[in-house]
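Values quoted throughout were computed directly from the atomic coordinates according to the rules given, and no laboratory measurement underlies them. All of these numbers come straight from a predicted model, not from anything done at the bench. Glycine gets a Cβ as well: all are built from the backbone with ideal geometry, and neighbour counts include every protein chain shown.
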Amino acid sequence: MRYAIIGFGKIGQALAHAFARRNMEVAVASRHTPDALAPQARAIGPTILAKSLQEALEADTIFLAVRSESHPELAKVLPSWEGKTLVDVTNSQAPLDEMDGLLSSAFVAKLYAGAKVVKGFNHLGATALATDPAVPGGHRVVFLASDDEDAVAPVAALAKQLGFAPINLGRFDEGGALVHARGPAWGPLIFQNVFKKDQ
């Protein structure tokens, strides 16, 4: 399984730290060249590989850590997103009428036709996301949601590999609404730094 992070700002780098901590390889790409990203990627760890956007998009599971307004353009880069699992880590406060009345991740799923889209890791700020999720007696929670039931299990397994405790909230418009912004209002679970006790 190959992984990539698209977007290498604070959230993209925080995710890269999570992979580096587990010595797991991940490609990172952004609108900047691989040479521009390479020093920061190397500083995070040897398994963080700066790549071109096209190279990074060859991955099976791709974290979208870009600004929400970048999605329409990014979605056109590949002729088909079939077979890709996309983890939407963005928080969009765009008005619902700009997203066809859909919650942001449902709108992302519509843009990236053919891909399996999971909302996840978005409720944590960059500092919390970059910090080791293991604490005495437990692990930091990541909430996941998707309209594609089959997409959640592999992302949950990856979250566990990275040291997090995944919790499936269900469909976007059900429990997933708790980690979505609706216009200017944040979902009640966004920015909640929650830990789950080990059983």
Tell me, which strands (runs of 3 or more DSSP E) lie completely within the range 4-81 with 1 or more residues that are under 22 Å from ALA94 (Cα atoms), in contact (Cβ under 8 Å) with a residue 12 or more places away in the chain and in contact with a Phe, Trp or Tyr (Cβ under 8 Å, 6 or more places away or on another chain)?
61-64
Residue among ALA151, ALA165 that alone is surrounded by 15 or more Cβ atoms within 10 Å (Cβ to Cβ) and more than 29 Å from LEU78 (Cα to Cα):
ALA165
Of everything in the range 111-127 that's outside any loop (DSSP other than H, G, I, E, B) and not charged (D, E, K, R), which residue is farthest from ALA145 (Cα to Cα)?
THR127
Let me confirm something: among LEU53, LEU15, which residue is under 18 Å from the mean Cα position of the chain (by Cα), within 27 Å of ASP148 (Cα to Cα), crowded, with 19+ Cβ neighbours inside 10 Å and not basic (Lys, Arg)?
LEU15
Given the criterion crowded, with 17+ Cβ neighbours inside 10 Å and of a type in the set (Ser, Thr, Tyr), identify the matching residue among THR90, THR127.
THR90
In the range 56-76, which residues are of a type outside the set (Asp, Glu), over 15 Å from LYS110 (Cβ atoms) and more than 13 Å from the chain's Cα centre (by Cα)?
ALA56, LEU57, ALA59, SER70
Output the residues belonging to the range 128-143 that are more than 13 Å from the chain's Cα centre (by Cα) and assigned to a strand (DSSP E or B).
ALA134, VAL135, GLY138, HIS139, ARG140, VAL141
